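Engineer: Just dropping this structure here.
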Amino acid sequence: MPRNPRTLAQPAVAVCGSLVLAASLCACGGSSAASDEKTVTVYSADGLKGENGDGWYDRVFADFEKKTGIKVEYVEGGSGEMVQRAVREKSNTQADVVVTLPPFIQQADEKGLLQKYVPRGADKVAAADKAPDGTWTSVVNNYFGFVHNKKVLKEAPKTWEDLLDPAYKDKLQYSTPGVAGDGTAVVIKAMHDFGGKEPAMAYLKKLQANNVGPSSSTSKLAPKVDKGEILVANGDVQMNFAQSKSMPNLGIWFPAREGGKPTTFALPYAAGLVTRAPHGENGKKLLDFMLTEGAQRQVSEIGGGFPARTDIEATDTNATELAGVIKGVEIFEPDWQDIGAHFDDYIDAWKSATGS
């Protein structure tokens with residue numbers, strides 16, 4: 001179940017499985033697809049829509065249209081790109097709903113892109129997975145992780161320090177922090193595991209000797225790992241678990257500090273209603289629908305993720321496998337307020353350390 005690339009290139013726009021010109025949703029003057037009262041436009045980070053129509057979004061959007069008659073117009077790109085695009089369009093808003101990974105959903109809120117709306121079912125979402133002021137709510141839970149080629153590497157690396165081995169030179173790659181949500185997560189996890197910005201950057205500077213180079217797309221890395229072009233890459237559990245169905249050499253793992261435990265943190269897909277959304281009422285209906293019990297039960301079964309609602313106990317085969325993936329992994333909670341306040345500083349420090 002491969003996923004579309006996390007890229008900063010002009011995102012494709014899909015309407016119920018068919019392709020339309022991206023220009024129809026640009027912020028220029030004239031008529032746009034958003035003029036149709038029976039539509040809702042979603043700007044989203046990738047990972048939840050399948051290339052073959054087999055992703056969670058595919059099922060949810062189709063069921064939503066069948067129930068309401070409202071078509072979903074879907075625009076996909078990196079988390080940072082989706083926020084940047086919405087910012088550029090503030091004078092002529094096109095999106096109704098934005099879905100991104102942290103810390104970009106917090107950035108969208110800080111930039112005034114989101115209006116307060118608490119979807120039905122949001123009371124069942126954990127406090128850490130939604131905004132205190134009701135501007136965004138997680139719709140699919142997820143965790144940051146890495147992948148390795150389990151055919152070449154019989155055992156996954158265990159520590160960050162293992163990755164400094166010269167054997168990984170030009171066989172390791174992670175997506176670009178500040179551009180890709182999962183790339184930004186590399187910096188967040190390193191700062192946690194190494195105990196702060198300075199030691200984390202010192203490590204990432206050393207790691208750069210083995211790094212293939214920047215990548216605006218996280219999901220493009222998994223196929224390279226599966227083929228053995230590289231042996232290790234970053235990712236996230238939901239996306240990589242889904243990809244592993246068609247990429248048998250992918251193994252998910254979580255780095256630890258030498259002598260420590262493997263760690264990860266929640267990296268949910270969080271959704272918010274856009275300020276001055278052209279079809280705000282339709283956006284509200286879609287947000288409500290994504291948190292319904294039926295849609296949430298499909299998160300693991302179809303999407304390979306974790307339900308955002310805490311009252312949903314998934315029991316399907318995927319849910320059982322996913323529980324095994326994170327078993328024994330220490331889950332920490334990032335200080336998103338601090339990350340939001342010092343985001344540019346952290347990214348600049350990474351650029352300086354790695355020469356990127």
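Engineer: Would you mind telling me which numbered condition in (1) crowded, with 18+ Cβ neighbours inside 10 Å; (2) over 21 Å from the mean Cα position of the chain (by Cα); (3) assigned by TED's automatic domain parsing to the domain that holds Ser216 Ala277 fails?
Structural biologist: That leaves (3) as the condition not met.
Engineer: For region 291-303, indicate whether the set of residues that are within 26 Å of Gly50 (Cα to Cα) and among the hydroxyl-bearing types (Ser, Thr, Tyr) is non-empty.
Structural biologist: yes
Engineer: Continuing with the same structure: Within region 340-356, can you find the residues that are under 23 Å from Lys206 (Cα atoms) and aliphatic (A, V, I, L, M)?
Structural biologist: Answer for region 340-356, where residues must be under 23 Å from Lys206 (Cα atoms) and aliphatic (A, V, I, L, M): Ile347, Ala349, Ala353.
Engineer: Can you name the helices (runs of 4 or more DSSP H) wholly within region 237-340 that have at least 1 residues being among the small types (Gly, Ala, Ser) and within 30 Å of Asn92 (Cβ to Cβ)?
Structural biologist: So the answer is 280-290.
Engineer: Which pairs turn up if I take residues in region 49-65 that are at pLDDT 90 or above and look for partners that are among the aromatic types (Phe, Trp, Tyr) and assigned to a helix (DSSP H, G or I) with beta carbon separation below 9 Å, at least 6 apart in sequence or on another chain?
Structural biologist: Val60/Phe289; Asp63/Phe289; Phe64/Phe289
Engineer: Can you pull out every residue in region 158-171 that is of a type in the set (Phe, Trp, Tyr) and in a helix (DSSP H, G or I)?
Structural biologist: Tyr168
Engineer: I would also like to ask the following. Being buried (at least 22 other Cβ atoms within 10 Å of the Cβ), at pLDDT 95 or above, within 17 Å of the chain's Cα centre (by Cα) and within 17 Å of Asp182 (Cβ to Cβ): is that true of Thr218 here?
Structural biologist: no
Engineer: Among Phe332, Phe254, which is the only one that is among the hydrophobic types (A, V, I, L, M, F, W, C), surrounded by 18 or more Cβ atoms within 10 Å (Cβ to Cβ) and either assigned by TED's automatic domain parsing to the domain that holds Lys66 or under 30 Å from Glu110 (Cβ atoms) (or both)?
Structural biologist: So the residue among Phe332, Phe254 that is among the hydrophobic types (A, V, I, L, M, F, W, C), surrounded by 18 or more Cβ atoms within 10 Å (Cβ to Cβ) and either assigned by TED's automatic domain parsing to the domain that holds Lys66 or under 30 Å from Glu110 (Cβ atoms) (or both) is Phe254.
Engineer: Further question: For the condition of a type outside the set (Val, Ile, Thr), assigned to a helix (DSSP H, G or I), assigned by TED's automatic domain parsing to the domain that holds Lys154 and more than 15 Å from Leu153 (Cβ to Cβ), what is the one hit in Ala202, Ala209?
Structural biologist: Residue meeting the stated conditions: Ala202.
Results for (1) among the charged types (D, E, K, R); (2) assigned to a loop (DSSP other than H, G, I, E, B); (3) buried (at least 17 other Cβ atoms within 10 Å of the Cβ); (4) touching a helix residue (DSSP H, G or I) at 6+ places or on another chain (Cβ under 8 Å), shown as yes or no for each residue.
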position	(1), (2), (3), (4)
Val40	no, no, yes, yes
Tyr43	no, no, yes, yes
Gly47	no, yes, yes, yes
Asn52	no, yes, no, no
Arg59	yes, no, yes, yes
Ala62	no, no, no, no
Lys66	yes, no, no, no
Val72	no, no, yes, yes
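Engineer: Condition check: in contact (Cβ under 8 Å) with a residue 60 or more places away in the chain, under 15 Å from Ala122 (Cα atoms) and among the hydrophobic types (A, V, I, L, M, F, W, C). Does Leu322 satisfy that?
Structural biologist: No: the conditions fail for Leu322.
Engineer: Consider region 117-160. How many of its residues are surrounded by fewer than 16 Cβ atoms within 10 Å (Cβ to Cβ) and in contact (Cβ under 8 Å) with a residue 60 or more places away in the chain?
Structural biologist: Matching residues across region 117-160 total 8.
Engineer: May I ask you to say which residue of Pro103, Pro166 is surrounded by fewer than 15 Cβ atoms within 10 Å (Cβ to Cβ) and in contact (Cβ under 8 Å) with a residue 40 or more places away in the chain?
Structural biologist: Pro166
Engineer: The conditions are (1) surrounded by 24 or more Cβ atoms within 10 Å (Cβ to Cβ); (2) more than 15 Å from Ser175 (Cα to Cα); (3) in contact with a helix residue (DSSP H, G or I) (Cβ under 6 Å, 6 or more places away or on another chain), and Asn234 fails exactly one of them. Which is it?
Structural biologist: (2)
Engineer: Are any residues in region 172-198 surrounded by fewer than 24 Cβ atoms within 10 Å (Cβ to Cβ), at pLDDT 95 or above and part of a loop (DSSP other than H, G, I, E, B), and if so, which ones?
Structural biologist: Across region 172-198, the qualifying residues are Gly195, Gly196.
The values are calculated or read from the model by the stated rules, or taken from the named source; none is laboratory data. Bear in mind that the values here come from a model prediction, so they are computed numbers and not experimental data. All Cβ positions, even for glycine, are placed from backbone atoms using ideal geometry, and neighbour counts span all protein chains on display.
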